[in-house]
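Asker: Can you keep this structure in mind? I'll have questions shortly.
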Amino acid sequence: MNAIMLWVIQTSAEVALGIFIEKLLSDANRKRASKLLKHQVLVVYLNWVLLKTPLDPKKLHQYLEQQQG
């Protein structure tokens, strides 16, 4: 009896895992993951650029005044 229950549980787990993997590897999920990865790379790059760019408050203020008119 225990062997049958163990077999049923194992088979059910294999089927559930198979369905989960199919959904995980679907086109929609791959596209979503790809888009998310692209956004994360962009954020890391922008963060790096901002950290490497010195910010002089006087120049920023002058620039903003020139833009306003």
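The values are calculated or read from the model by the stated rules, or taken from the named source; none is laboratory data. Values in this document were obtained by computation on a predicted structure and should not be read as measured data. Glycine also receives a Cβ, built like all others from the backbone with ideal geometry; neighbour counts cover every protein chain displayed. For the accessible areas, the whole protein counts, side chains as well, though only heavy atoms, and no ligand, DNA or RNA atoms are used. Shrake-Rupley method; radii C 1.70, N 1.55, O 1.52, S 1.80 Å.
Asker: How many nm separate the modelled label positions at VAL15 and ASN2, each set 7 Å beyond the Cα in the direction of the Cβ?
Answerer: Placing both labels 7 Å along Cα→Cβ, they lie 2.5 nm apart.
Asker: Using a 1.4 Å probe on the protein chains only, how many percent of the accessible area of the chain belongs to carbon and sulfur?
Answerer: Values: 4750 of 7030 Å².
It is 68 percent, rounded to a whole number.
Asker: So, counting K/R as plus one and D/E as minus one, what does the shell of residues with Cβ under 15 Å around LYS31 add up to?
Answerer: Working: positive: LYS23, ARG30, ARG32, LYS35, LYS38; negative: ASP27.
Its environment carries a net charge of +4.
Asker: Could you tell me the number of lysine pairs in the chain with C-alpha atoms less than 28 Å from each other, where the two lysines are 8 or more residues apart or belong to different chains? Kindly include the intermediate steps, with their values, before the conclusion.
Answerer: Values: LYS23/LYS31; LYS23/LYS35; LYS23/LYS38; LYS35/LYS52; LYS38/LYS52.
Eligible lysine pairs with Cα atoms under 28 Å apart amount to 5.
Asker: Let me ask something else. In square angstrom, what is the accessible area per residue of the chain with a 1.4 angstrom probe?
Answerer: Details: 7030 Å² over 69 residues.
Accessible area per residue, the chain: 102 Å².
Asker: Only Cα pairs within less than 10 Å get springs; with that Gaussian network setup on the chain, which residue of LYS52, LYS23, LYS35 has the largest fluctuation?
Answerer: LYS52
Asker: Let me ask something else. For region 1-43, what are the per-bin percents of Cα-Cα distances with bins 5 Å wide, up to the bin holding the maximum?
Answerer: 5, 21, 13, 14, 11, 10, 9, 7, 6, 3, 2, 0
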